Amino acid sequence: MKPMRAWTLSLAPQLARHLALVALALFTLLPFAWMLSTASKPETEVYSDVLHWLPAKFALLDNLRTAFAKAPILRLLLNGLIVTASIYVLQLLVALPAAYALAKLDFRGRETLMALVLLGLLVPQHAVAVPVFLLLHTLGLLDSYAALIAPWTLSVFGVFLLRQFFKTVPNDLIDAARIDGLSELGIVWRVMLPTAWPAVTAFGIFSVVAHWNDYFWPLIVINSPELLTPPLGVAQFRNQEAGTNYGALMAAALVVITPLVAAFLLAQRRFIEGITLTGMK
Amino acid sequence: MAELSPRLLLPMQRRATLPRWPLRVGHALAAPAALLMVVLLIGPLAVVLGLSLTDYQLGADGLAFIGLDNYQAMWADRVFWKSLTNTALYSMAVVPGSVGLGLAAALLIHGLARGQATYRAIFFLPVMATLIAMALVWEFMLHPNFGLVNLGLRGLGLQTHNWLNEEGLALWVLAVIGIWQGFGFNMVLFSAGLLGIPRQLYEAAAIDGVPAGWTRFRLVTWPMLAPVTLFVVVVSSIKSFQVFDTVQVLTKGGPNKATEVLVYTLYAEGFEFFRSGYASAVTVIFLAIVLLITLVKTRWLDRRVHYT
């Protein structure tokens with residue numbers, strides 16, 4: 001009888017918790033539900049002045065078709081992929097050797113570089129926007145993939161994170177690799193990179209999510225329709241339709257958030273770990 | 001000991017004979033990062049400071065040193081003060097809102113027998129979803145005639161609003177979107193903090209007769225969470241001072257500058273009017289505030305964190 005009593009006693013507080021959490025979950029999910037609902041409605045139902053969630057006529061496919069016809073959605077997704085992948089690969093190429101040097105090698109200027117990395121962690125992207133924009137303008141690189149990618153090749157946060165991780169790798173492992181005849185660069189790729197795998201994936205998720213969702217920088221440097229990134233493209237689609245076709249706009253928004261949301265739902269724990277790192281930036 | 005292979009002894013010999021070579025290797029490996037640091041961070045910061053003392057405009061032939069004129073112009077500009085006030089007001093709504101909801105969600109989930117992962121995933125969803133796309137969803141939710149919010153209010157017989165176009169409302173609506181988007185992130189940080197509190201502390205509290213619930217929260221959980229709370233508050237403040245996406249897409253700083261915020265001012269001056277010098281001055285003030293938040297909050301909260 002006793003466990004039964006304990007069970008009923010703990011049921012009420014558990015239920016109260018669920019009630020509060022469900023209320024908060026409804027608030028959180030409301031925009032997503034409204035997006036799905038609107039994206040599934042034909043135009044006549046979108047502009048109805050009676051609140052209804054489920055469309056009488058299911059028009060998601062029509063709306064998707066309109067969105068793909070009126071906005072270069074495939075192009076946006078491809079650009080998003082090109083930009084985020086290039087940024088991540090270049091960030092790693094720069095950060096891994098630097099992080100190894102900062103963690104394990106002795107060289108003049110190491111303390112200074114480390115201090116600059118820590119300073120860099122405090123500087124938001126908007127603070128260097130004007131001069132970096134002027135630099136790209138001078139080099140004639142505005143409105144190009146280079147403009148979207150080059151300014152992000154150094155992630156001080158990536159350097160910092162990997163350096164912290166490399167600090168924990170035992171020196172013996174590195175010495176053994178040296179004796180085996182590995183060059184220092186070889187050690188970075190063949191010894192340090194594999195051991196730092198958790199940090200590398202977490203940083204990857206952080207980097208890809210940040211740059212897939214970034215709006216400020218692409219907005220500043222991109223004009224050409226063929227270079228639009230997903231957030232920029234969906235905002236442009238809204239502007240050109242000027243609020244006349246919300247069904248198709250919601251369908252486009254749905255497509256733009258789907259890759260990351262799907263990846264997130266498949267690997268929640270890793271994503272939460274990775275994104276939480278942004279807090280440290 | 002007999003098994004000590006010559007392989008394991010070798011490193012010491014090598015270190016003795018080749019003490020200097022990692023010196024140059026270190027430079028080589030750090031060089032790309034150091035170079036980019038100068039080109040993309042240190043250089044630009046110096047240029048921002050320098051440009052803020054000039055009248056430079058993108059496309060102009062030259063520039064002149066004008067001392068602190070940009071800062072004086074800013075001081076006298078109604079829009080700049082409006083922008084600064086709005087950013088502070090937005091921050092004062094979003095920081096407590098997203099930190100409070102994040103803490104509440106984490107505490108509620110922490111004591112849950114089942115469903116923890118599901119709730120966490122739901123609350124984290126807005127952090128993942130492209131904010132621009134979701135801002136457009138909010139725009140239609142808030143549509144004066146066909147939006148969910150007004151349809152719902154009308155159904156209940158309540159007063160409707162033109163949410164994003166009323167001067168007294170727009171900033172607070174943006175703040176709600178900011179809280180909606182950000183609290184899940186804070187929840188995750190608080191969850192990690194709660195997991196780090198040793199169970200023995202609660203047991204000891206129970207033995208000492210500390211009643212469960214509010215008192216135990218005040219005496220054990222809250223002080224133990226203090227470092228996490230400090231961190232979350234600093235991060236949320238900095239993020240809220242950088243609000244831009246929702247403003248640019250939903251209100252463009254309007255109506256009548258009611259949602260003009262610092263980064264939007266910076267964007268408009270620098271990249272719409274191309275007044276690079278003035279935009280640089282705005283940037284300097286923005287950066288100073290962000291750095292100040294980090295410093296002051298760390299100092300101030302640090303003093304209250306000590307509980308031993």
What's the number of the only condition in (1) away from every other protein chain (no Cβ under 12 Å); (2) touching a residue at least 12 places away in the same chain (Cβ under 8 Å) that A:Gly140 fails to meet? (2)
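Residue-by-condition table, conditions (1) surrounded by fewer than 21 Cβ atoms within 10 Å (Cβ to Cβ); (2) of a type in the set (S, T, N, Q):
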residue: B:Leu148; (1), (2): no, no
residue: B:Gly155; (1), (2): yes, no
residue: B:Thr160; (1), (2): yes, yes
residue: B:Trp163; (1), (2): no, no
residue: B:Gly182; (1), (2): no, no
residue: B:Phe185; (1), (2): no, no
residue: B:Asp208; (1), (2): yes, no
residue: B:Ala226; (1), (2): yes, no
residue: B:Gly253; (1), (2): no, no
Is it the case that segment A:193-200 has a residue that's within 22 Å of the chain's Cα centre (by Cα), over 30 Å from A:Leu105 (Cβ atoms) and not small (Gly, Ala, Ser)? no
Only one of A:Phe107, A:Phe27, A:Phe32 is on the phi < 0 side of the Ramachandran plot and in the same structural domain as A:Ala251 (by TED's automatic domain parsing). Can you tell me which? A:Phe107
For segment B:154-189, give me the residue count where each residue is of a type in the set (Ser, Thr, Tyr) and within 26 Å of the chain's Cα centre (by Cα). 0
Of A:Ala196, A:Ala202, A:Ala242, A:Ala235, which residue is of a type in the set (Gly, Ala, Ser), at pLDDT below 90 and closer than 27 Å to A:His126 by Cβ? A:Ala202
Checking the structure you have, find out if any residue of segment A:45-68 is more than 10 Å from chain B (Cβ to nearest Cβ), exposed (fewer than 15 other Cβ atoms within 10 Å of the Cβ) and under 18 Å from A:Val256 (Cβ atoms). yes
Going by what's in this entry, would A:Leu185 be described as surrounded by fewer than 21 Cβ atoms within 10 Å (Cβ to Cβ) and within 9 Å of chain B (Cβ to nearest Cβ)? yes
Within segment A:152-182, the residues that are at the interface with another protein chain (Cβ under 10 Å from one of its Cβ atoms) and not hydrophobic (A, V, I, L, M, F, W, C) are A:Thr153, A:Ser155, A:Gly158, A:Asn171, A:Asp172, A:Asp175, A:Arg178, A:Asp180
Please work out which one of (1) under 17 Å from B:Leu107 (Cβ atoms); (2) in contact (Cβ under 8 Å) with a residue 60 or more places away in the chain is the condition B:Leu250 fails and give its number. (1)
Under 6 Å between Cβ atoms, which residue pairs at least 6 apart in sequence (or on different chains) link something in segment A:201-218 that is free of Cβ contacts under 8 Å to residues at least 40 places away in the same chain and under 21 Å from B:Leu266 (Cα atoms) with a partner that is assigned to a helix (DSSP H, G or I) and basic (Lys, Arg)? none
Of the numbered conditions (1) within 30 Å of B:Leu142 (Cβ to Cβ); (2) touching a residue at least 24 places away in the same chain (Cβ under 8 Å); (3) of a type in the set (Phe, Trp, Tyr), A:Trp53 fails exactly one; give the number of that condition. (2)
Being within 9 Å of chain B (Cβ to nearest Cβ), out of contact with any Cys (no Cβ under 9 Å at 6 or more places or on another chain), assigned to a helix (DSSP H, G or I) and over 25 Å from A:Ala101 (Cα atoms) is the requirement here; does A:Pro231 meet it? yes
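Yes or no, residue by residue, for (1) within 30 Å of A:Thr38 (Cβ to Cβ); (2) among the acidic types (Asp, Glu); (3) loosely packed, with under 15 Cβ neighbours inside 10 Å:
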site: B:Trp75; (1), (2), (3): no, no, yes
site: B:Trp81; (1), (2), (3): no, no, yes
site: B:Tyr90; (1), (2), (3): yes, no, no
site: B:Gly97; (1), (2), (3): yes, no, no
site: B:Leu108; (1), (2), (3): no, no, no
site: B:Tyr119; (1), (2), (3): yes, no, no
site: B:Ile132; (1), (2), (3): yes, no, no
site: B:His143; (1), (2), (3): yes, no, no
Within segment B:186-220, work out how many residues are among the polar types (S, T, N, Q) and closer than 26 Å to B:Ser91 by Cα. 2
Wholly inside segment B:56-169, helices (runs of 4 or more DSSP H) that include 1 or more residues that are touching a Pro at 6+ places or on another chain (Cβ under 7 Å), at pLDDT 90 or above and outside the structural domain of B:Lys257 (by TED's automatic domain parsing) are none
Boolean, B:Val234 is assigned by TED's automatic domain parsing to the domain that holds B:Ala93 and modelled with pLDDT under 95: yes
Residues located in segment A:111-130, provided they are facing another protein chain (nearest Cβ under 7 Å) and closer than 22 Å to B:Ala31 by Cβ: A:Leu113, A:Leu116, A:Gly120, A:Val123, A:Val128
Step by step: first the residues of segment B:214-257, then only those that are of a type in the set (D, E, K, R) and assigned to a helix (DSSP H, G or I), then the one that is farthest from the other protein chains (Cβ to nearest Cβ). Which residue is that? B:Arg218
Confirm whether B:Leu136 is buried (at least 18 other Cβ atoms within 10 Å of the Cβ), within 12 Å of chain A (Cβ to nearest Cβ) and either among the charged types (D, E, K, R) or more than 30 Å from B:Arg218 (Cβ to Cβ) (or both). yes
Only residues that are of a type in the set (Phe, Trp, Tyr) and surrounded by 15 or more Cβ atoms within 10 Å (Cβ to Cβ): list them for segment B:25-73, please. B:Tyr56, B:Tyr71
A:Trp197 under 25 Å from A:Glu273 (Cβ atoms), more than 14 Å from chain B (Cβ to nearest Cβ) and among the aromatic types (Phe, Trp, Tyr): yes
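The values are calculated or read from the model by the stated rules, or taken from the named source; none is laboratory data. As the structure is a prediction and not an experimental result, all values here were calculated from the model. So basically every Cβ, Gly included, is an ideal-geometry build from the backbone, and we count neighbours across all protein chains shown.
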